[in-house]
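Heads up, the thing below is written out as C-alpha cells.
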Amino acid sequence: MIKYLKQGKPAEQKAEIDHAVRSTVEGILADIQARGEAAVREYSTKFDNWSPASFRLSQAEIEACIDSLPPQAIRDIEFAQAQIRRFAQIQRLSLRDVEVETLPGVVLGHKNIPVNSVGCYVPGGKYPLLASAHMGVLTAKVAGVKRVIACAPPYQGKPAPAIVAAMAMAGADEIYVVGGVQAVAMMALGTEGVAPVDMIVGPGNAYVAEAKRQLYGRVGIDLFAGPTETAVICDDSVDAELVAVDLLGQAEHGPNSPAVCITTSARIAAELPGKIENVLARLATRDIASVAWRDYGQIILCETDREMVEVSEQLCSEHVQVMTRDPDWFLDRLTSYGALFLGHRTNVSYGDKVIGTNHTLPTNGAGRYTGGLWVGKFIKTHTYQRVLTDEASVMIGEVCSRLCALEHFAGHQEQADIRVRRMAK
C-alpha cells in the first residue's frame, strides 16, 4: 500500500498563481510588440534597474568579463563545456539523412537541417546560472545553428562575468544583458536593433516560461518549463541524510519547487524530516529551500519497488534520482521523467552543471510526451520525394486518383490524372 506521509499544496492554489502570471506577461508582450526597444528598456529599468547605453555587449566588454574571472573558473567552464560538447556531438551523429528507393522509380528521403537562428535565455537574477549558457548556446552550435544570440539579466547591477564568459566560450554570436519577459520578447519579436530569431530556448522563472508559452507558434521553443522538480527513489541501501541533501539541493531553486521522497524504507521515511532540518541549518539557501520543502515537499512510503515505479510514473518529475540496490531495474521500467540519475554516486547537480547531459528538462508532467533539450531540438527533419520514371508516376498516380475521389478532392485528383494521361504508354 502507498502511504502519503507528507503532501504539498493542492493544484488549485497553483492555478490561481498561473492566471495572474498569464495576464501580466500578455500585457508586456503586447507593449514590446508595439513599442520595440523603448518598451524593453522601460521594463528592464522597472524590473532590473538596468538601462545601459546598449544592451548588447561589445567584444571589449565580453573580454573584460572573461579576464575578471580566476584562471580556475575558466578551466572549470572549459571542462564542463568539453563534456557537454562531446555528448552533443555524439547525439548529432545519431541523426542521419536518409534516401531510399521504396518502389521502382520512387525515391523518398529526409534531410536534417539546423534551425537558422536561436535565442538562448540564461537565468541570472537570483543565481548566475552560467550552466544554462552551455546547455543552450553550445548545444545549438553543435547542431549547426548559424546565428545564436544569448540574453541574461544583470547580476548585482552589472553583467554577470561568469555567464558572459560561458556564453562567449560556448560560441554565442551576440550577447545581451537583459532579463525576464523583456529579453524573451526582444529575441522572439525583434526590435529596431535586434533581428528576431526562429526559436527560443532556456529555463527561467514563471514569467519567462509563460512568455515562451504565449510566443510559441510565432517562434519555436524547447519546451514548456515550470518550477524545478525532483524525486528521489530510494530503499534502505542509502541513508536519510543523503536523501535530504539531494532533495534540498533542488528545492533551493525556488519556493515552489517540488521535492519528493519515494521510498520503501520506513526508517528513511521516519528520519527524513529531522535530517531535512539538519541539512537546512547548514545551507546558505535555507530561506528558499525550507519554504519549498514545507509547501511542496512530499514523503511517500511504498511497500514494493513496483509501487515506487507507479508513484514515479504518476508524478513524472523533471529529475528522478534512483538510489537503490539495483538502479538498472528502474531504468528498464520507468518511462515518464525528464532525466534519470542512477545510483548514489551521481546526483542531479552533476547533470545540472558538468557531466555532459543537458539540464533543460520537461516539467509539469511533460516528460510523458517529450524529452529535454538536446541537439536534436535544434534540427528540423524535412522530407523530399522524387519520381524517376513515367511508369512509376502512372502507377502511383492511378492509386492517388482513386483515393482523392474517395475524399472528393477534385483538384488533388486532377494533379494525379494529368500525369497518368500524359505518361501512360
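The values are calculated or read from the model by the stated rules, or taken from the named source; none is laboratory data. Because the structure is predicted, anything quoted here is derived from the model rather than measured. Glycine gets a Cβ as well: all are built from the backbone with ideal geometry, and neighbour counts include every protein chain shown. For the accessible areas, the whole protein counts, side chains as well, though only heavy atoms, and no ligand, DNA or RNA atoms are used. Shrake-Rupley method; radii C 1.70, N 1.55, O 1.52, S 1.80 Å.
Over all projection directions, the Cα-based convex hull of the stretch 268-356 averages an area of 6.8 nm².
Let me know the whole percent of all Cα-Cα pairs from the stretch 173-283 that are separated by more than 19 Å.
Of all Cα-Cα pairs in the stretch 173-283, 57 percent lie more than 19 Å apart.
How much length would be gained if the chain were fully extended between residue 283 and residue 94, taking 0.36 nm per residue of separation minus their Cα-Cα distance, in nm to one decimal? Could you put the intermediate results ahead of the total?
Numbers: separation 189, 0.36 × 189 = 68.04 nm, distance 4.13 nm.
That pair, residue 283 and residue 94, stretches by 63.9 nm at full extension.
Distances between placed amide hydrogens fall under 5 Å for residue 200 paired with 119, 220, 221, 222, all partners being 5 or more residues away or on another chain. Amide H contacts of residue 337 (H built 1.01 Å from N, in plane; Pro and chain starts excluded): no residue 5 or more places away or on another chain comes under 5 Å.
Could you please tell me the mean projected area of the C-alpha convex hull for the stretch 224-381, averaged over all directions and given in square nanometres to one decimal? Walk me through the intermediate numbers first.
Values: hull surface 36.7 nm².
Averaged projected hull area, Cα only: 9.2 nm².
In this structure, the amide hydrogen of residue 36, modeled 1.01 Å from its nitrogen in the peptide plane, lies closer than 5 angstrom to no residue at least 5 positions away or on a different chain. Helical runs assigned H by DSSP (4 residues or longer) give the chain a calculated mean residue ellipticity at 222 nm of -14500 deg cm²/dmol, each run adding -39500 (n - 2.57) before division by the residue total. Looking at the stretch 151-211, the GluC sites (Glu not before Pro) that sit in a DSSP loop and have at most 12 other Cβ atoms within 10 Å of their own Cβ are 192.
So what is the accessible area of the stretch 113-164 per residue, in Å², with the probe set to 1.4 Å?
Numbers: 1480 Å² over 52 residues.
Per-residue accessible area for the stretch 113-164 comes out at 28 Å².
Shown in residue order for the stretch 101-116 are the 3J(HN,Hα) couplings computed by the Karplus curve 6.51 cos²θ - 1.76 cosθ + 1.60 at θ = phi - 60°: 8, 7, 9, x, x, 10, 10, 10, x, 9, 10, 9, 10, x, 4, 6 Hz (x for Gly and Pro). When the Cα positions of 50, 66, 34 are compared along the charge dipole of the stretch 22-68, 34 comes out farthest toward the positive end, with charges on each C-beta of Lys, Arg, Asp and Glu.
Mind ranking 109-121, 27-39 by how tightly packed they are, going by the mean number of other C-beta atoms within 10 angstrom, highest first? Mind showing how you got there, number by number?
On the way: 109-121: 20.2, 27-39: 16.7.
Averaged packing, sorted descending, gives the order 109-121, 27-39.
Residue-wise HN-Hα couplings along the stretch 241-254, as the Karplus relation 6.51 cos²θ - 1.76 cosθ + 1.60 with θ = phi - 60° gives them from phi, are 5, 4, 4, 4, 4, 6, 6, 6, x, 9, 4, 5, 4, x Hz; Gly and Pro carry x.
Sorted largest first, the spans of the alpha carbon positions of the stretch 129-226 along the three principal axes are 32, 32, 30 Å.
Think of a 1.4 Å ball rolled over the protein heavy atoms: the stretch 267-425 then has 55 Å² of accessible area per residue.
Over its Cα atoms, what ratio of radius of gyration to 2.2 N^0.38 Å does the stretch 60-168 give?
Numbers: Rg = 18.5 Å, N = 109, 2.2 N^0.38 = 13.1 Å.
Computed over Cα atoms of the stretch 60-168, the ratio equals 1.42.
Report Rg/Rh for the chain, rounded to two decimals, where Rg is the Cα radius of gyration and Rh the Kirkwood radius.
Numbers: Rg = 25.3 Å, Rh = 23.9 Å.
When Rh is taken as the Kirkwood radius, the ratio is 1.06.
How much length would be gained if the chain were fully extended between residue 102 and residue 380, taking 0.36 nm per residue of separation minus their Cα-Cα distance, in nm to one decimal? Could you put the intermediate results ahead of the total?
Working: separation 278, 0.36 × 278 = 100.08 nm, distance 2.24 nm.
Gain on stretching residue 102 to residue 380: 97.8 nm.
Qualifying trypsin sites (Lys or Arg not before Pro) in the stretch 268-346, where qualification requires a DSSP coil assignment and no more than 12 other C-beta atoms within 10 Å, comprise 282, 325, 345.
Sequence-ordered 3J(HN,Hα) estimates for the stretch 343-356 from the Karplus curve with 6.51, -1.76 and 1.60 and θ = phi - 60° stand at x, 6, 7, 10, 6, 5, 4, 4, x, 5, 10, 8, 6, x Hz, glycine and proline given as x.
Convex hull volume of the Cα atoms of the stretch 315-417, normalised per residue: 205 Å³. May I ask for log10 I(q)/I(0) of the stretch 341-393 at q = 0.20, 0.29 Å⁻¹, from a Debye sum over the Cα atoms as equal point scatterers with solvent left out? With no solvent term, the Cα-only Debye profile gives -0.87, -1.15. Overall, the stretch 275-374 carries a charge dipole of about 360 debye about its Cα centre when +1 sits on the Cβ of Lys and Arg and -1 on the Cβ of Asp and Glu, all other atoms neutral. Spin-label model, residue 127/residue 335: points 7 Å from Cα along the beta carbon direction are separated by 3.3 nm.
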